[in-house]
Amino acid sequence: MAEFGDDLRSGVRHGAVATVRGLALPVLALALGLPLFLAWVLSSVLVVAGIGLVLLPLTIVATRNLATLHRRFATEWSGVAIAVPYRPAPAYSRFGPRRAWQRVRWMLRDPATWRDLLWLLAEVPVGLVLGLFPGAAIATGIEGIVVPQLLWTLGVLPNGFGFGTIWPIRTHTDVWLAVGEGVLLVLVGLLVAPWMLRVHALFARLLLAPTRKAELVLRVSHLTRTRTETVDAQAAELRRIERDLHDGAQARLVALSMSIGLAEDLITRDPEGARALLVEARRSSGEALSELRDLVAGIHPPVLAERGLDGAVRALAMALPIPVETDVDLPGRPQAPVESALYFAAAEALTNVAKHSGASAARVRLEYTGTHLRLAVQDTGRGGASLDAGTGLRGVARRLSALDGTLALSSPPDGPTVVLMEIPCVLSSPKTSRSSETA
C-alpha cells in the first residue's frame, strides 16, 4: 500500500512537471516562433534592397538557436536525442558586402536551414495543441471540482450553468457529478502530459534532425577534421619522442661512450681514475636505460600489454596519493588502439585529480555497455574544471575523436567533477572480469 502511494505521488509529480513544461511550448511558439517566421518573410523581401543581407543571417541564427533549445528540451524532457544538422561554416572574405553575401549564400544552401523554417511554421499549431491540451484538461477539471461546489454553497449557482460538464447543473447531485468529472479530467491531464511532450519531441526530431544525406556529409566532415587532428597529433608525438631521445638518452649514451674512451686511455696510467670513469659510465647507462623505459612506457605502457586495460587502470589508481575506488566490468578485451586511448585518458584524468582538484577521494568506473567502452572518473574536489583551462583534456578529446569517441566534463563549483569518456568498440576474448576495490 505504501509503495502504491509512493508511485501515485511520483506519477502526479511527474505529470505536473510535464504539464508546466508543456505550457512553455505555446509560449515559445507565439512569443518567438511566430515573430521569427515573420522576420524570415520580411528579411527575404529586403534582400534585394541590401538590408536583408544583414537581417536574414540574424534571423537564421535566431531560428537555429530556438531549434537548438527545442533539441535540448527533447533530450532533457523526453529522452529523445536530436543531432545538430548544420554544416560547418566555410572560410569567408574578410570585409565588405562580399562577406555578407557569402554568409547568406552558405546558410541558404544548407538544407537544414529550410527544414528549420518548415519546423518554425509547423511549431505554432503543434506547440499550441500539444502544449495546451494537458493544462487545459487540468484547468477545466479543477474548475469542475471547485467552482460548482463553491457557488452551490453560496447559493448563487445559476440554474443550468455547466462549468465544462456535458450536462446542466441543477441539483446537488449534478454538483458531485461535476466533481467526479473534474477529478477524471485532472487525472487525464496529468497522465497524458508526459506523452504530449514525447510526441512533440518526436515531431521536432522529424524536422530538426539531420537527414540521411546530411548525416553522411557531417560524417565526412567529422572524419576529415579528426583525421587532420590525428595526423597533427602523431607528428607532434614523433617530434616529442625525437626531442626526448636527442636531449635525454642520446646525450647520456654519448657521455657514456666518452667516459669509456677516457677510461681506456687511463686504465694503464691511472687505474683509479679509470675506475671512477667506469663508475660514472655505469651510472649514466642506468639513467639512460631508465629514460628509455619511461619513453617506451609513454608510447605503450608494459602494464597495459601485460595486464590489460582493467589492470592498467587499477595500477594508475593505486599510484595516486588519495584513496581511489575502482569498479571494472569488462566481459572481454578491447582492441589495442582503444585500450591505449582509454589508458592515457584515465592517466590524464587521474593526474588532474591529484594535481588540481584538491579531492580527498576519487572513483573510477570502467564498463562495457554492449556497444561502447565507457570510462568515468569522479572526484570529491573543488570543481570548476574546464576543457578550456588546459591542453591535457583537449588532447584526450582529440585522441578519442580519432576513434569516434567522446569526452564529456561536468564540474560545477564546489564539485564533484566527473569526466565521462566513451569509445564505440567490440570486445574479444570473452572472459569474466568483474572487480571492485579501493586503492
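The values are calculated or read from the model by the stated rules, or taken from the named source; none is laboratory data. This is a predicted model, so every value here is computed, not measured. As a convention, Cβ positions derive from the backbone with ideal geometry for all residues, glycine included, and neighbour counts pool all protein chains shown.
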Could you list, in sequence order, all residues of region 351-372 that are at pLDDT below 85 and within 19 Å of Val303 (Cα to Cα)? Thr351
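Would it be correct to say that Val47 is surrounded by fewer than 20 Cβ atoms within 10 Å (Cβ to Cβ) and either of a type in the set (S, T, N, Q) or in contact (Cβ under 8 Å) with a residue 60 or more places away in the chain (or both)? Steps first, please.
Numbers: surrounded by fewer than 20 Cβ atoms within 10 Å (Cβ to Cβ): yes; either of a type in the set (S, T, N, Q) or in contact (Cβ under 8 Å) with a residue 60 or more places away in the chain (or both): no.
Spelling it out, it is not the case that Val47 is surrounded by fewer than 20 Cβ atoms within 10 Å (Cβ to Cβ) and either of a type in the set (S, T, N, Q) or in contact (Cβ under 8 Å) with a residue 60 or more places away in the chain (or both).
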Please go through region 263-273 and pick out each residue that is surrounded by fewer than 16 Cβ atoms within 10 Å (Cβ to Cβ) and in contact with a helix residue (DSSP H, G or I) (Cβ under 6 Å, 6 or more places away or on another chain). Ile267, Gly273
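Taking the conditions exactly as written (at pLDDT below 75 and over 22 Å from Val419 (Cβ atoms)), does Val296 satisfy them or not? Quick ask: steps written out before the conclusion?
Values: at pLDDT below 75: yes; over 22 Å from Val419 (Cβ atoms): yes.
Judged against the criteria, Val296 is a match.
Of the residues Ala376, Ala397, Ala385, which single one is under 22 Å from Ala312 (Cα atoms), in the same structural domain as Ala315 (by TED's automatic domain parsing) and not in a strand (DSSP E or B)?
Working: Ala376 fails: not in a strand (DSSP E or B); Ala385 fails: under 22 Å from Ala312 (Cα atoms).
Ala397 is the lone residue from the list that is under 22 Å from Ala312 (Cα atoms), in the same structural domain as Ala315 (by TED's automatic domain parsing) and not in a strand (DSSP E or B).
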From Ala178, Ala193, Ala214, grab the single residue that is touching a Pro at 6+ places or on another chain (Cβ under 6 Å), modelled with pLDDT under 75, closer than 30 Å to Leu25 by Cα and not assigned by TED's automatic domain parsing to the domain that holds Gly392. Ala214
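Being among the small types (Gly, Ala, Ser), surrounded by 19 or more Cβ atoms within 10 Å (Cβ to Cβ), out of contact with any His (no Cβ under 7 Å at 6 or more places or on another chain) and in a helix (DSSP H, G or I) is the filter here, so list the residues in region 180-210 that pass it. Before you say what the answer is, go through the steps one by one.
Our first condition is that a residue be among the small types (Gly, Ala, Ser); within region 180-210, this holds for 180, 182, 189, 193, 201, 204, 209.
Right, trim to surrounded by 19 or more Cβ atoms within 10 Å (Cβ to Cβ) and you get 182, 189, 193, 201, 204, 209.
Then keep just the ones that are out of contact with any His (no Cβ under 7 Å at 6 or more places or on another chain); that gives 182, 189, 193, 201, 209.
Residues satisfying the conditions are Gly182, Gly189, Ala193, Ala201.
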Just give me the residues in region 125-140 being among the β-branched types (Val, Ile, Thr) and buried (at least 17 other Cβ atoms within 10 Å of the Cβ), in sequence order. Val126, Ile138, Thr140
Can you name the number of the only condition in (1) within 18 Å of Val313 (Cα to Cα); (2) touching a Leu at 6+ places or on another chain (Cβ under 9 Å) that Ala361 fails? (2)
